[in-house]
Amino acid sequence: MSETKSRVDLDALATIVAQRARADAGSSYTRSLIEKGVAKCAQKLGEEAVETALAAVSADTKAVVSEAADLLYHLAVLLQVRGVPLEDVYDELGRRTAQSGLEEKAARSRD
């Protein structure tokens, strides 16, 4: 019997987080986290970012994968609690990648 792996992209993750945000806090970690507010969600994102960075300098590739998944999940939660659509992030990435990174950085410093 073969196990089918489910692949979740960022759009699907954002949809899952939005669904779980509407669930009961007693049955949904996502909902319970959101109920703690933006500051707590931001704290969790920061913790996961540090854990991802630490895993990156270790020799444990599985840890990098695991922490990166946690980081993306907590980013999706933070975007949800702030009401920022993932599409807005995609649009910003598109704007930034329309020019070189050095050009983009120079334009930001002039603003």
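FYI, it's all coordinate maths here, none of it is from the lab. All figures in this text were calculated on a predicted structure; none of them were measured in a lab. Backbone-built Cβ (ideal geometry, glycine too); neighbour counts: all protein chains shown.
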Reachable aspartates and glutamates, given that their alpha-carbon falls under 19 Å from the alpha-carbon of K62 and they are not under 8 places away in the same chain
D9, E47, E48, E51, D70
Which of V57, V65, V38 ends up with the largest GNM mean-square fluctuation for the chain, with Cα atoms connected below 10 Å?
V57
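Quick one: pull the percentage of alpha-carbon pairs in the chain with a separation above 24 Å.
Working: 2570 of 6105 pairs.
Beyond 24 Å sits 42 percent of the P(r) for the chain.
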In debye to the nearest 20, how big a dipole does the chain give about its Cα centre with +1 on each Lys and Arg Cβ and -1 on each Asp and Glu Cβ?
220
Once K36 and A63 are pulled to full extension, the length gained, defined as 0.36 nm per residue separation minus their Cα-Cα distance, is 7.0 nm
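What percent do you get for the relative contact order of the chain when only Cα pairs under 8 Å and 6+ apart count? Write down the numbers at each step before the final one.
Working: 69 pairs, mean separation 27.3, N = 111.
Averaging sequence separation for qualifying contacts and normalising by length gives 25 percent for the chain.
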Under a GNM of the chain (C-alpha, springs under 10 Å), which listed residue has the highest mean-square fluctuation: R96, R82, R20?
R96
Please give every one of the lysines within straight-line cross-link reach of K44, meaning a C-alpha to C-alpha distance under 16 Å, and leave out same-chain neighbours fewer than 8 residues apart.
K36
